Each structure stands twice: as structure tokens, then as C-alpha cells.
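FYI, it's all coordinate maths here, none of it is from the lab. Please read all numbers here as calculations on a predicted model, not as lab measurements. Backbone-built Cβ (ideal geometry, glycine too); neighbour counts: all protein chains shown.
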Amino acid sequence: MRAFCQERAPGGYFGWNLDALDDCLGGGWGASPPFTLEWQHSEVARTRLVKQRALHQGTATLFEVLLEIFADHGVEVVLQ
């Protein structure tokens with residue numbers, strides 16, 4: 001996903017955080033939802049992206065936050 005966003009970003013810059021991903025999906029210059037993202041080896045990601053992040057509704061793992069960002073932008077994620 002990073003490469004996809006970076007190719008379309010102004011000047012080729014793409015940040016390194018969740019805000020950058022959110023901007024890519026909703027900023028008008030990155031990926032254009034709706035589309036389907038096939039997340040290969042998602043179980044490995046789920047076991048490693050376990051850091052808790054504070055949300056308005058409580059806490060969630062980084063993996064859960066990523067899924068929420070994609071869902072908020074109309075991206076269907078297929079976990080493989």
C-alpha cells in the first residue's frame with residue numbers, strides 16, 4: 001500500500017504513520033476507494049501489530065486500527 005500511495009503523492013512523498021495512510025485513502029491524490037485489498041499473511045500481521053492505541057471508544061490493537069481506517073474509506077479487506 002505504501003508504494004501505491006507514494007507513487008501518487010505530491011512530489012512522491014508518503015509519510016510513515018497512520019495519518020499518512022488516512023490521507024492517502026482520503027486526500028484525493030492516493031488510492032481511490034472503493035477497492036479490495038488482499039492482505040496476505042494477515043495472521044502474521046495480527047500477531048505482531050499488537051501495540052494498543054487509544055481511541056474514542058477505548059483501545060484497539062494497531063492491526064484493528066488499520067482495519068478500521070480501511071473500512072472508514074470503503075476499502076474491502078480480504079484477510080489471507
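Label separation (Glu64 vs Ala45): 1.7 nm, computed from points 7 Å beyond Cα along the C-beta direction.
For a quick protection proxy, order the peptides 42-52, 70-80 by their average other-Cβ count within 10 Å, most packed first.
Numbers: 42-52: 12.1, 70-80: 13.6.
Ranked by mean Cβ neighbours within 10 Å, highest first: 70-80, 42-52.
Summarising the amide proton neighbourhood of Leu37: residues at separation of 5 or more, or on other chains, whose placed amide H is nearer than 5 Å comprise Glu76, Val77, Val78. Just to verify a number: FRET efficiency for Glu76 and Trp16, C-beta to C-beta distance, R0 = 25 Å, to 0.05? That gives a FRET efficiency of 0.50.
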